[in-house]
Structure formats: C-alpha cells, structure tokens
Amino acid sequence: MTPKQRLDLSGIPNELLLIIDILKHDTLQENRFRASSIDWEEFIKLVKHHRVYPQVYIKLVEYPITLIPHHVMELLKQLYQKNTFHMLHLSGEMVKVSQLFSDNSIKALFLKGPILATDIYGGLSLRTCSDLDVLIHIDYLDEVDALLKYNGYKKDDYITTVLSDWKWRHHHVTYYHPENKVKVEIHWRLNPGPSKEPSFNELWSSRREKPINSHSSLAYLGREHLLCFLLTHGARHGWSRLRWLEDVRLLLQQDIEWEDLDGILSDYQCTHIYKKTLLLCTELFNTTTHLGDERIFVNKQTFRLAQQTLYYLENKVNLHSPSLSVEIAEYHKKYLFLIKPFQQKVWFYLSLLHPYPEDLHTLYLPKKLHFLYFPLRPFLSVWRRTRKNALQ
C-alpha cells in the first residue's frame, strides 16, 4: 500500500472509532476520550453488535477512565459476567461433544467457539460466541445425526435440495439442545460453494490438539488453516462484526508459518482476501507483520474492495436480521460476487445451470425424473420472473 492510499474512515461513527481505539492500544489515556462527543447509549449498542464487550470491559477496568459514565461501566460489567458464564457452559458442552465423537471413532475439528477464545485471546471470558462449530467428514453425517439426536439434540431441517446440491451449495446443518440451550453447527465444508477449499483430510493432518483428560484430546485447526478460514468466513460476512477482524488481528501476532500460509492462500484462491483484510487491519488497528511492507501492498481493485467493506461498519449491518433491508441485501449480494476470484466467478455462473429447489416448487417432478430439471431450468426461471413481475 502506498502512502497516498488511505481508506476513507470518515463514515465510521465516532463511537465505533472509540471502540477500535480501545481495542488496539495496550494502554488507554484520558485524551482519547475527549476527542469528540460520544453517545454512550450508541457506544453500548455498538459493543454489543460487534461482540467486543469482553475486551472493551477488561481494557477499561485495567486503565480506569473517569470520563466514562458509571452506568456504562456497569452495563459492560454485566455483559462481561454473563458472557463468562455462557462460555463456561459452552466449553463444558464442547468437551462432551468432542468426547462423544471420539468414543464413536468420528474425527472432528472444532472451528471456533471456546477453543478459539483460549487459543487467540488467552481466556474463555475474553471472546463471545453463540454456538459450537464442528467440522467432520461428509461420510459421517448420518452417524453424527443419529448420535446428536440420541443425546437430546433437535435438528433444524431448513435445507431443501434437489439432485444433492446441498453437498456443495450448503456447508453446515444446525442442531439445538432444548434443555442445555446449546446450538451445534455440524460442518462438512468450511464455506458454502461453489469454491475451492482444503479437504477434511488435509485439515486433519495439520490439526492441533488440546488434552481434555488423560485419554483423549480436542482437535482444532492448525494456525495457517485457521487463519485462512477466519479470512474467508469474515469476508463472506462483510466483516460486519468487528470481532472477526479482531480475531485475525490477534492471530497474526502468533507464530505463523508464512511460507505455508502463502501456499494455502494461493492453492485456495484467498490471497486477495488476505490482502484486503490486512489492509483493513492496518488502517483500523495499525496491524503490522514482521515480513515488511510488501505484505500490505494492494492493487486498486483490492483497495476498492476494502473501502466498500467499510459500508458494513458505517451502517451497523446485521446480516442475520430477519428484517434485512432491500438496499443492504442487494449491496451484500453484489459484494459477495465482487470478492470472488475469477475462477470462482466462473464456477458461480456454471452453478446457476444446476437445478435449484425453487425449480422443484415451480414444477413438481418425481425423483426419478429430476434430471429433466437441467434442460427445464432456463424456462422455469423465466416463468418465475414473469409471475413475480406480474404480481408487483
């Protein structure tokens, strides 16, 4: 990145800039809180939205700032304590799930959750997470389904499919335990397709392990694969939560095998995502690596994508909101296409030729005739669009 190429941060709210300032500095000073007027109610909303209240609270407790209203600190304290209990509960369930799979000879890799909190942040209470994400080989999906249901989990059957497109269009299925209130997402891919990503066996061969008792351990991603996963996951969500950028920022401070990372990023077409993300971390958090400025050199397209990503921070976008506006939905749809490398864009266009579940709803055919959806798909798509326009 040349000195003249600086992201325009003027659209980011002052309250969010303050949160970023708190996160990135090892020590805090009163004058940082005098820079501009702060709407403390909005400040609380933003730390909750971006899921960074544990780190913000710990920093403010360690370096007391007299300009922060008492009720703000009390709210942060309550959020921090509630999250601590939640993470302890989730950690206990993570151990149970890991042991359940191990007892049944099922290889499983934990992607995020409590293991990420201890690995990157150094403690359970310092990161938030709502569920457990577990990656298994696709061949064991039925066995895992039976095990989780036997142990009280209920499956959320939200996936509709035709001609087995679920295997590559989707990447996980969700289970919920009504008694212990824990949600588990069972992944067979790291990200939805069509995209190129490492196989389960490759990820398993580079795994790290955390002992949970004298007989077994919990497996999770190696650092380089974890970084690649966090990059693609965060980018796919537009980095709409600051926590995801904070994950990457802190992981970059660990002992990364940079040559291995370069190979992984190249093999799975993520180098542009890495450069865009590092540019965001550099501009927002002053993040640097020990490899020199060449790692943050970006071309115009990558710079433009990074600037467009700030839209999510400027507008406090919640992509999981059931009432997502048409404007944001359209923006995100275009953004998802723009961040794809050329080959993935080609795969995306080719995937449009594969039948969708909507085709099944438009014209029902018996399963043995589903192959006919391939030649019928263009006509069914036009028919749906025509009916939609007629009803408007």
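Of note:
- Residue in segment 225-244 that is among the small types (Gly, Ala, Ser) and modelled with pLDDT under 95 present: no
- Residue 128 in a loop (DSSP other than H, G, I, E, B) and at pLDDT below 95: no
Table: residues versus (1) farther than 20 Å from residue 188 by Cβ; (2) surrounded by fewer than 20 Cβ atoms within 10 Å (Cβ to Cβ).
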| position | (1), (2) |
| --- | --- |
| 215 | yes, yes |
| 220 | no, no |
| 235 | yes, no |
| 239 | yes, no |
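- When the test is whether a residue is outside any loop (DSSP other than H, G, I, E, B), modelled with pLDDT of 95 or more and surrounded by fewer than 16 Cβ atoms within 10 Å (Cβ to Cβ), residue 202 passes it.
- Qualifying residue in segment 108-117 (condition: part of a loop (DSSP other than H, G, I, E, B) and surrounded by fewer than 16 Cβ atoms within 10 Å (Cβ to Cβ)): no
- Some residue of segment 186-194 being closer than 17 Å to residue 219 by Cβ, in contact with an Asp or Glu (Cβ under 9 Å, 6 or more places away or on another chain), at pLDDT 95 or above and in a strand (DSSP E or B): yes
- Within segment 22-67, considering residues that are within 22 Å of residue 120 (Cβ to Cβ), among the β-branched types (Val, Ile, Thr) and at pLDDT 80 or above, the one surrounded by the most Cβ atoms within 10 Å (Cβ to Cβ): 47
- Pairs, first surrounded by 12 or more Cβ atoms within 10 Å (Cβ to Cβ) in segment 68-85, second outside any helix (DSSP H, G or I), C-beta under 7 Å, six or more apart: 83/128
- Taking each residue of segment 50-63 that is over 17 Å from residue 87 (Cβ atoms) and assigned to a helix (DSSP H, G or I) and looking for partners that are hydroxyl-bearing (Ser, Thr, Tyr) and modelled with pLDDT of 95 or more with beta-carbon atoms closer than 9 Å, six or more apart or interchain, yields 61/80.
- For residue 256, the criteria (1) under 19 Å from residue 280 (Cβ atoms); (2) modelled with pLDDT of 95 or more hold in every case but one, which is (2).
- Each residue in segment 131-177 was checked for being within 23 Å of the chain's Cα centre (by Cα) and assigned to a strand (DSSP E or B), and 13 pass.
- For segment 349-392, a residue qualifies if it is in contact (Cβ under 8 Å) with a residue 12 or more places away in the chain and assigned to a loop (DSSP other than H, G, I, E, B), and the qualifying residues are 353, 354, 355, 356, 363.
The values are calculated or read from the model by the stated rules, or taken from the named source; none is laboratory data. Fair warning: this is a prediction, and the values are worked out from it, not measured in the lab. Heads up, the Cβs are rebuilt from the backbone with ideal geometry, glycines too, and the neighbour counts pull from every protein chain shown.
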